[in-house]
């Protein structure tokens with residue numbers, strides 16, 4: 001009986017201490033956005049970061065507006081299995097990281113500026129990966145071909161559920 005009571009108490013503590021997240025989950029909350037925008041406007045270091053990130057993605061985003069497939073066609077194919085050595089998978093890992101970084105940067109610029117073209121770019125890249133990963137099984141889900149280099153296996157079920165919802 002003591003174990004049952006202890007278990008119920010611990011369960012209650014877990015639920016009471018659980019933090020509810022507001023979605024989408026990003027680096028700041030909506031309440032913090034004015035402060036972020038103020039820092040960008042009032043501090044040269046912050047505006048320099050935004051300018052640098054914008055400079056990295058602008059050409060890709062602007063090209064994406066007129067030809068959405070151009071950037072998406074640069075995404076390397078996902079490996080068919082995980083039988084490639086980590087050394088051989090290195091270039092694919094770097095290419096996927098670059099693509100996903102561009103999508104992340106565009107999402108950040110969208111959050112700051114509200115310009116839809118950045119959101120569309122990020123959404124299209126995310127959708128590409130979701131379409132590629134969702135139909136796969138854990139035994140054939142590898143981005144680069146190496147099990148240890150692939151974080152995709154850890155989110156396989158979540159991505160599959162995303163498609164189902």
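Can you name the number of the only condition in (1) in contact with a helix residue (DSSP H, G or I) (Cβ under 6 Å, 6 or more places away or on another chain); (2) loosely packed, with under 12 Cβ neighbours inside 10 Å that residue 131 fails?
Every listed condition holds for residue 131 apart from (1).
Let me confirm something: among 105, 118, which residue is more than 16 Å from residue 68 (Cα to Cα), at pLDDT 80 or above and surrounded by 20 or more Cβ atoms within 10 Å (Cβ to Cβ)? Steps first, please.
Numbers: 118 fails: more than 16 Å from residue 68 (Cα to Cα).
None of the other options fit; the residue is 105.
Scan the stretch 29-67 for residues that are within 18 Å of residue 118 (Cα to Cα) and within 19 Å of the chain's Cα centre (by Cα) and jot them down.
Matches in the stretch 29-67: 50, 53, 54, 56, 57, 58, 60, 61, 64.
Residues checked against (1) touching a helix residue (DSSP H, G or I) at 6+ places or on another chain (Cβ under 9 Å); (2) closer than 20 Å to residue 28 by Cα:
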residue: 43; (1), (2): no, yes
residue: 46; (1), (2): yes, yes
residue: 49; (1), (2): yes, yes
residue: 62; (1), (2): yes, no
residue: 77; (1), (2): yes, no
residue: 96; (1), (2): yes, no
residue: 102; (1), (2): yes, yes
residue: 118; (1), (2): yes, yes
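Within the stretch 61-94, can you find the residues that are modelled with pLDDT of 85 or more, surrounded by 14 or more Cβ atoms within 10 Å (Cβ to Cβ) and assigned to a helix (DSSP H, G or I)?
Of the residues in the stretch 61-94, the ones modelled with pLDDT of 85 or more are 61-76.
Add one more test, that the residue is surrounded by 14 or more Cβ atoms within 10 Å (Cβ to Cβ), and what stays is 61, 64, 71-72, 75-76.
Hits for the stretch 61-94 are 61, 64, 71, 72.
Under 6 Å between Cβ atoms, which residue pairs at least 6 apart in sequence (or on different chains) link something in the stretch 42-59 that is at negative phi and in contact (Cβ under 8 Å) with a residue 12 or more places away in the chain with a partner that is assigned to a helix (DSSP H, G or I) and surrounded by 15 or more Cβ atoms within 10 Å (Cβ to Cβ)?
From the stretch 42-59, the pairs are 50/40; 53/105; 54/109; 56/105; 57/102; 57/105; 57/106.
Could you list all residues from the stretch 38-59 that are surrounded by 14 or more Cβ atoms within 10 Å (Cβ to Cβ) and farther than 25 Å from residue 100 by Cβ?
The one that is surrounded by 14 or more Cβ atoms within 10 Å (Cβ to Cβ) and farther than 25 Å from residue 100 by Cβ: 39.
The values are calculated or read from the model by the stated rules, or taken from the named source; none is laboratory data. All of these numbers come straight from a predicted model, not from anything done at the bench. Methodologically, a virtual Cβ is constructed for each residue, glycine included, from the backbone with ideal geometry; neighbour enumeration extends over all protein chains shown.
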